[in-house]
Amino acid sequence: MRRITKMLCAAGFAGILATGCNSENMAYSGAEYIMFADTMSTGMVFLDEAYFSVPVASTVACDYDRTFAVEVIDQGSNAIEGYHYRLKSNTITIKAGERSANVEVAGYYDHIQDTDSLGFKLRLIIPDQIRWNDLYADSDLTKVVFYKGCDFNLDTFCGWCVVTSLFLYDYPSALDTNYQRLIFTEKHPTEPNTIILHDFLYDGYDVTARLVDEKSTTPRIEMDEDQVFSNEQYVFGQINADDKILATVSPYYDSYYNTCQKSMSLWLYVYLKDVGTMVGSVGHYYNVLEWVTLEEAVRLKKEENMSGARDPRLDPDYPGDPEI
């Protein structure tokens with residue numbers, strides 16, 4: 001553990017030990033405890049943003065400032081302080097009348113790889129009587145995990161893409177048992193932050209996806225409901241509803257995208273309707289989408305015989321411009 005200097009506010013600390021908060025200023029009646037807001041905090045490091053925040057909470061508001069030290073625990077960390085990140089300050093102050101504050105963490109953007117998942121632990125240096133470990137074990141500790149955040153650009157998710165689908169694994173085409181396929185994606189002409197996935201799981205059926213929360217630690221994927229991606233007869237060998245297999249994003253599992261890694265993790269909810277009336281659920285299926293260069297797409301088509309994307313640009317002898 002790294003030794004630190006305990007930079008505590010003497011007046012605030014003495015006030016806590018002596019009387020605690022003035023009850024007239026409490027947000028609600030009860031004992032005073034200080035803790036990290038969660039056992040794990042997640043941050044994104046962007047080139048144009050100085051800090052991400054790790055929240056600290058108090059059960060009450062006081063009529064004076066409360067300042068506490070924060071220390072970094074090196075054990076079990078794969079992030080190097082001073083190289084991958086630094087704290088803005090080794091103290092946090094909960095202002096008078098407030099119940100929260102933030103530990104501010106700066107990440108060194110150029111020292112973080114696109115695929116890195118970095119983490120370290122923080123501990124609050126607080127008196128035992130305001131540590132809530134009898135109810136929440138190690139509430140004075142939190143793990144901080146952070147990633148590199150690349151500036152969002154919809155063009156990242158346009159072009160050639162490899163889809164790996166558990167739906168195709170369960171319901172392979174009669175002509176092709178490969179659960180990976182090569183597709184082409186492009187911007188929607190009118191809908192913002194939306195892409196069209198041509199021939200997504202089966203030839204002749206396109207779906208759309210919206211990419212939102214681009215500055216979030218969990219940028220989300222949204223999809224319109226009732227998108228048709230095949231017919232029942234072709235996939236199931238029989239018709240159970242109106243011969244349309246419908247899909248949207250699953251409400252139970254997170255679907256997200258990674259701009260740095262040029263990929264998506266998409267959970268599809270697949271179901272059947274008959275003239276707008278729900279007939280039944282087929283299930284929730286995980287799909288991974290990874291964008292590749294034209295050269296890689298040509299190689300996959302030629303050397304691995306990957307299905308989908310019957311496009312002349314994938315012919316190695318195609319005379320056109322190789323740029324999409």
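The values are calculated or read from the model by the stated rules, or taken from the named source; none is laboratory data. Please read these numbers as outputs of a predicted model, since none were measured by experiment. A quick note on method: Cβ atoms are made from the backbone with ideal geometry, for glycine too, and the neighbour counts reach across all protein chains shown.
Annotations
- Flag for Glu214 being assigned to a loop (DSSP other than H, G, I, E, B), at pLDDT 95 or above and not small (Gly, Ala, Ser): no
- Strands (runs of 3 or more DSSP E) completely within segment 27-96 that count 2 or more residues being in the same structural domain as Leu141 (by TED's automatic domain parsing) and of a type in the set (A, V, I, L, M): 34-36, 40-46, 52-58, 66-73, 91-94
- Selection from segment 9-49 of residues that are touching a strand residue (DSSP E or B) at 6+ places or on another chain (Cβ under 6 Å) and at pLDDT below 80: Cys9, Gly12
- Just one of (1) within 16 Å of Trp291 (Cα to Cα); (2) free of Cβ contacts under 8 Å to residues at least 60 places away in the same chain; (3) surrounded by 20 or more Cβ atoms within 10 Å (Cβ to Cβ) fails for Leu182. It is (2).
- Any hit, segment 309-316, residues being within 31 Å of the chain's Cα centre (by Cα), surrounded by fewer than 20 Cβ atoms within 10 Å (Cβ to Cβ) and in a loop (DSSP other than H, G, I, E, B): no
- Selection status of Asn193, of a type in the set (S, T, N, Q) and in contact (Cβ under 8 Å) with a residue 60 or more places away in the chain: no
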